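Only the coordinates and a few stated rules stand behind these numbers; no lab work does. Because the structure is a prediction, the values reported are computed rather than measured. A quick note on method: Cβ atoms are made from the backbone with ideal geometry, for glycine too, and the neighbour counts reach across all protein chains shown.
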Amino acid sequence: MIDIRLVRDDIDAVTAALARRGVDPGEVARLAELDVGARTAVGARDEVRATVKALSKQVGEARRAGDVALAERLADDSRAAGDHERELNVVAEQAQEEVRQALLYLPNLPSADAPDGAGEADNIVARSWPEAAPTYTDAQRVPHWEIGTELGLLDMERGAKLSGSMFPLYRGFGARLLRALSSFALDSHADEFEEIRPPTMVLTATMVSTGHLPKFEEEAYHLERDDLWAIPTAEVPLTSMWRGDVLDEADLPLKLTAGTACYRREAGAAGRDTRGLLRVHEFDKVELFAYSTPDQAPDLLESMVARAEAMLRALGLQYRVLDLCTADIGNSAARTFDLEVYSPGVDMWLEVSSVSWCTDYQARRANIRYRPTGGGTPAFVHTLNGSALAWARIWAAIVETGRQADGSVVLPEVLAPYLRGETVIPAKG
């Protein structure tokens, strides 16, 4: 969440910043009104609370002086004031919760460097690889779901039989390819990032910390009986590993990576790019995550994007990097770069990574701070996250890009150590 003090100190600047994201100025004005009301309610409660404390002291003094009658009158006054204080406390806590809820729904302030825009059409292509676009053969223009069915790699029909539509089932070499991609990624990041295998079912507080709740509840899978949520990304548990803690600045940046299954309802996806692996409810992904100081964050953002790019080059996939405009960045992010691969069989650019700098927005929700080395008041950390990479669409692009005229599929050489040296999926005879 944003810092409420920014609203108090310079509401015009906050209103202007959020307007770049399409937020109605009335929402900021309403937050400011709620904050004034909450502070007024807290002040009224605290004033009566101070009266109760003073009366309690006077009761003691009267009793020590032997003035029983005065002590009883003061005690009656104290009890009445105490009852009033409890009533005012209910009002104050309700007012404070209204402020908190308003903050939970407002997005992060965008970075000054994020390009302005009204939607995804205004995203900027920062760079592409290779510079000269490849020429694709007719063999590569076959969609991955047809290749997967032909070679026994992907069985969407049986996946739907088990779990419903948009739950893929990988078979044989297709399943091995998926596993190889995660192993390749985790090994690639092991030089700087500690590998974590977090739970994939998390508490409500864990989802709130990243900004996935309460605003995006409809996109998540909820186990009501246990009040647990299936994670939409490993960013969720990684963000909360130090929830409520104070880190030492000397330990920052703290870099983590995790390979997990991820679950998303894709509530608005009906009839939209839902064939094959283009949009699925469950997918495997390797996540990069970091806690940092504000000064460390810009370089970290750049390096995390570079890691995702390096993997795409190693896999031999045509890609482009988009600098997302203010209307298209996620709710928690201040700056985001998306990486898209070109998938020749479906003739589409597919998002396979989103790398974001969330400033202190998530850390405020999760109350994660760091203790400055030179002393002083603990400050909120900054958080960064990014996919490196999400595999469903990478799998699709690899299978389509690698398809040969005879129907076989040539896989990237970097995956050979994870496939027992095999880099060709043979054609069916």
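Given the options Asp76, Asp323, Asp251, which has the most mean-square fluctuation in a GNM of the chain, springs set between C-alpha atoms less than 10 angstrom apart?
Greatest mean-square fluctuation among the candidates belongs to Asp76.
Using θ = phi - 60° and the Karplus relation 6.51 cos²θ - 1.76 cosθ + 1.60, list the HN-Hα couplings for the range 194-206 in order, rounded to whole Hz, with x at every Gly or Pro.
6, 7, 10, 10, x, x, 9, 10, 9, 6, 4, 4, 5
What shape does the range 146-297 take by its C-alpha gyration tensor, where a ≥ b ≥ c are the square roots of the eigenvalues and a/c under 1.5 counts as rounded, a/b above b/c as prolate, and the rest as oblate?
It comes out oblate by the Cα gyration axes.
Antiparallel as a % of all DSSP beta bridges within the chain, to the nearest 5?
90
Where the centre of each part is set by its Cα atoms, how far does the range 160-209 sit from the range 7-68, in angstrom?
So the two Cα centres are separated by 46 Å.
As an exercise, identify the trypsin sites (Lys or Arg not before Pro) in the range 302-355 lying in DSSP coil whose Cβ has no more than 13 other Cβ atoms within 10 Å.
none
With the chain treated as a Gaussian network of Cα nodes joined by springs under 10 Å, which of Leu322, Leu162, Leu103 yields the largest mean-square fluctuation?
Leu162
Just want the answer: with Cβ charges of +1 for Lys and Arg and -1 for Asp and Glu, which residue in Ile398, Gly429, Ala205 is farthest toward the dipole's positive end in the chain?
Gly429
Between Asn367 and Thr149, what is the label-to-label distance in nm when each label sits 7 Å out along the Cα-to-Cβ direction?
5.4
Most mobile of Ile394, Ile124, Ile368 per a Gaussian network model of the chain (Cα springs, under 10 Å)?
Ile124
Label-point separation (nm) for Val125 and Glu47, each offset 7 Å from Cα along Cα-to-Cβ?
Placing both labels 7 Å beyond Cα along the Cβ direction yields 6.4 nm.
If you filter the range 171-228 for GluC sites (Glu not before Pro), then keep DSSP loop positions with at most 11 other Cβ within 10 Å, what is left?
Passing both the DSSP loop test and the Cβ count: Glu224.
Once the dipole of the range 329-429 is set up with Lys and Arg at +1 and Asp and Glu at -1 on Cβ about the Cα centre, which of Ser408, Val341, Leu384 lies farthest towards its positive end?
Leu384
I need the shape label for the range 84-153. Rule: rounded when a/c is under 1.5, else prolate if a/b > b/c, else oblate, with a, b, c from the alpha carbon gyration tensor.
Cα axes put the range 84-153 in the oblate bin.
Over the range 1-113, what is the relative contact order in whole percent, taking alpha-carbon pairs under 8 Å and six or more residues apart?
Contact order relative to length: 42 percent.
As an exercise, use a Förster radius of 35 Å and the Cβ-Cβ distance of Val410 and Lys215 to find the FRET efficiency, rounded to the nearest 0.05.
Efficiency for this residue pair is about 0.20.
What is the distance, in nm, between label points placed 7 Å from the Cα along the Cα-to-Cβ direction at Ala65 and at Met348?
About 8.3 nm separates the two model spin labels.
Which label marks the calculated value of semi-axes √(5λ) of the Cα gyration tensor in Å, given the options (i) 53, 22, 20; (ii) 34, 28, 21; (iii) 79, 24, 15?
Read-out from the structure maps to (i).
At R0 = 22 Å, how high is the FRET efficiency between Leu223 and Val246 if r is their beta carbon distance? Nearest 0.05 is fine.
0.10
To the nearest 0.05, what FRET efficiency results for Ala19 and Arg73 with a Förster distance of 56 Å applied to their C-beta separation?
0.45
Stretch Glu266-Arg30 to full length: gain in nm at 0.36 nm per residue minus the Cα-Cα span?
Extra length from Glu266 to Arg30 when fully extended: 81.9 nm.
When the dipole is taken about the Cα centre of the chain, and only Lys, Arg (+1) and Asp, Glu (-1) are charged at their Cβ, what size is it in debye, to the nearest 20?
For the chain, the charge dipole is close to 840 debye.
Please give the Cα centre distance for the range 356-407 versus the range 128-146, rounded to the nearest Å.
28
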